[in-house]
Structure formats: structure tokens, C-alpha cells
Amino acid sequence: MSDYPQILGVYSLLIDAEIGSGGTQSKHENVTYWYARQLSSEDFEIQPLNAHHVPSGVRSVLTKMDFLKQYTPEPTYYKLHTVPALETLARKIKMGEEAFADGNLDEAESQFIKALMVDDKNIDANYNLGEVYSEKKDFVKLKKVLNTLLGLDEAFTIEHRQKFNQFGISLRKNGHYDESIRYYEKSLEIVKSDENVYFNLARVFFEKGLNESCVINLEKALNINPEFIEAQKFLKYCQKPA
């Protein structure tokens, strides 16, 4: 089993910037802080810290040489600021998930919103809040969360597959069919070879009464995985004479 990725902590990046012009020009040192992970022996991932000291935003991958040349470890900053902030964020998400499991949707909503105040791009918190609004059938708020998730490519990666599946099921189960279609089609833009997404998309089209689109997606699922038993059975049912 691989030891990667490994959390390295917080690193700083120092950039010399020139401000002003002509005789008033001067140099200014700009320091930014980044959350770093080692993905392999040669690849390092960096992600900027937000105002609350937690990693948020676009991740970038650097070679080992570039990372070591440009970034400086900040263990004290990591211990004093980022670790406590991440623990607070994780605690709010856990409290929200426990409240959701108990059926207390208002408390769950409150905790997830608090988590998003720390990191508005946090994928787990957005997925969880979306589930709350799906259960509440609050279409306006659900659409806002869905738009946020559709703008976060990382939300559709393997790392977040469990939350991805839970949210997709919640959308379909609560009758948000058009939103489900947008959601699964976005996923297929990022990972085109997932037979389960095509299968789930077929189920949404079936429930909308769009049998032709359902069949097309089942066939795509089976092109990827011909041994997909559930898709075989579903396709056979859809093609059964009326």
C-alpha cells in the first residue's frame, strides 16, 4: 500500500514585488501561505490558505525540485493556526452529520453553514448541506449549493466518491430530476469512463419518463462494463415490449 499522499503542513512562498514607478518605485516582499501534500516521490501538491488558515481553492502540483526551491516550511504557523482551524471545521461537519442522521435537519443545516463560514469551498460541507436542502425540498437553496458544487471539479473525483453518490441519490429520491441530470453530466465531463454514473443517469431519465435517453445511458454503461448485471437487467426491462 502506498504511503502517499502525505500531509507536509504549511509552507510559505516569498515573492518580491515592485510597487510604484520611476523614482518612487520600491520593492515589497509578499508572503503567502500554502497547505502542502506529497503525492509521490516527485510530485508535491499545494493549496492556498484562506483568511481562516484552512486550505481552500485551486490545488496545483509541482515537481520536487520546484517545490523545495520555492517553498519554506512553517511548522509553527501550521501548529498554531491551521491545525486548530481544521479541527474546528471537522468538528462542525461531524456535528452536522450526526444531527442529519438523527433527522434534525435544522441543526444539521446550522452546523454545515458554520463549517462553510470557515471554508466556503469545503466539499464535504457543501455536499452535506445540499442533502439537507434536498430533504427539506428547499429548491432555491439547493440550487445555490448545487451551483457551488458544479464549480468545484474536485467534488467529482474518486476521493469524494462516497459523498458524490449520496448526494446524487438524494437528488433523485427527492424528485430533483433536472438537477440530477446536470449533476451527473458534470461528473461525466471529468470522469468519462464511470459506468455507475451512466447507470444512475439512466435511472433519472427513466423516472422522468424519458425511456430513449434511459436506454442510451444504459448502453453506454454496458459498453464500459459488459458484466454490469444491474444495467443488463434494467436495459432488458426497458426494451420489453409494451
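The values are calculated or read from the model by the stated rules, or taken from the named source; none is laboratory data. Worth saying up front: this structure is predicted, and the values here are computed from it rather than measured. Heads up, the Cβs are rebuilt from the backbone with ideal geometry, glycines too, and the neighbour counts pull from every protein chain shown.
Observations on the model:
- Among the residues listed as Lys143, Lys121, Lys114, the single one being of a type in the set (Lys, Arg), not assigned by TED's automatic domain parsing to the domain that holds Ser56 and not in a helix (DSSP H, G or I): Lys121
- Conditions (1) at pLDDT below 95; (2) under 28 Å from Phe44 (Cβ atoms); number of the one not met by Glu74: (1)
- Arg182 within 23 Å of Tyr127 (Cβ to Cβ), surrounded by fewer than 19 Cβ atoms within 10 Å (Cβ to Cβ) and of a type outside the set (Phe, Trp, Tyr): yes
- Filter result for Glu154 (in contact (Cβ under 8 Å) with a residue 60 or more places away in the chain and not β-branched (Val, Ile, Thr)): yes
Matching residues to (1) surrounded by fewer than 17 Cβ atoms within 10 Å (Cβ to Cβ); (2) under 30 Å from Val140 (Cβ atoms):
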| residue | (1), (2) |
| --- | --- |
| Glu189 | yes, yes |
| Phe205 | no, yes |
| Gly209 | yes, yes |
| Val215 | no, no |
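- You will find that of Val145, Val132, Val140, the residue that is of a type in the set (A, V, I, L, M), over 16 Å from the mean Cα position of the chain (by Cα) and surrounded by 15 or more Cβ atoms within 10 Å (Cβ to Cβ) is Val132 and no other.
- Number of the condition not met by Ala51 [criteria: (1) touching a helix residue (DSSP H, G or I) at 6+ places or on another chain (Cβ under 7 Å); (2) free of Cβ contacts under 8 Å to residues at least 40 places away in the same chain]: (1)
- Matching option when the condition is at pLDDT below 95 and part of a helix (DSSP H, G or I), among Glu98, Glu109, Glu131: Glu131
- Sub-6 Å Cβ pairs linking a first residue in region 188-207 that is over 20 Å from Gln239 (Cα atoms) and at pLDDT 90 or above to a second residue that is crowded, with 16+ Cβ neighbours inside 10 Å and hydroxyl-bearing (Ser, Thr, Tyr), at least 6 apart or interchain, are Val197/Tyr184; Val197/Ser187, ordered by first then second residue.
One line per residue, one yes/no per condition, for (1) modelled with pLDDT of 95 or more; (2) on the phi < 0 side of the Ramachandran plot; (3) assigned to a helix (DSSP H, G or I); (4) in contact with a Ser or Thr (Cβ under 7 Å, 6 or more places away or on another chain):
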residue	(1), (2), (3), (4)
Gly9	yes, no, no, no
Ser12	yes, yes, no, yes
Asn30	no, yes, no, no
Ala36	yes, yes, no, no
Ser40	no, yes, no, no
His52	yes, yes, no, no
Thr88	yes, yes, yes, no
Arg91	yes, yes, yes, no
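- Flag if Ile190 is among the β-branched types (Val, Ile, Thr) and out of contact with any helix residue (DSSP H, G or I) (no Cβ under 8 Å at 6 or more places or on another chain): no
- Residue check for Leu171: aliphatic (A, V, I, L, M), in contact with a Ser or Thr (Cβ under 7 Å, 6 or more places away or on another chain) and free of Cβ contacts under 8 Å to residues at least 60 places away in the same chain: yes
- Count - residues of region 174-233 that are under 21 Å from Ile158 (Cβ atoms), assigned to a helix (DSSP H, G or I) and of a type in the set (Phe, Trp, Tyr): 4
- Ser180 meets the conditions (1) out of contact with any Gly (no Cβ under 9 Å at 6 or more places or on another chain); (2) of a type outside the set (A, V, I, L, M); (3) closer than 26 Å to Asn196 by Cβ in every case but one. The failed one is (1).
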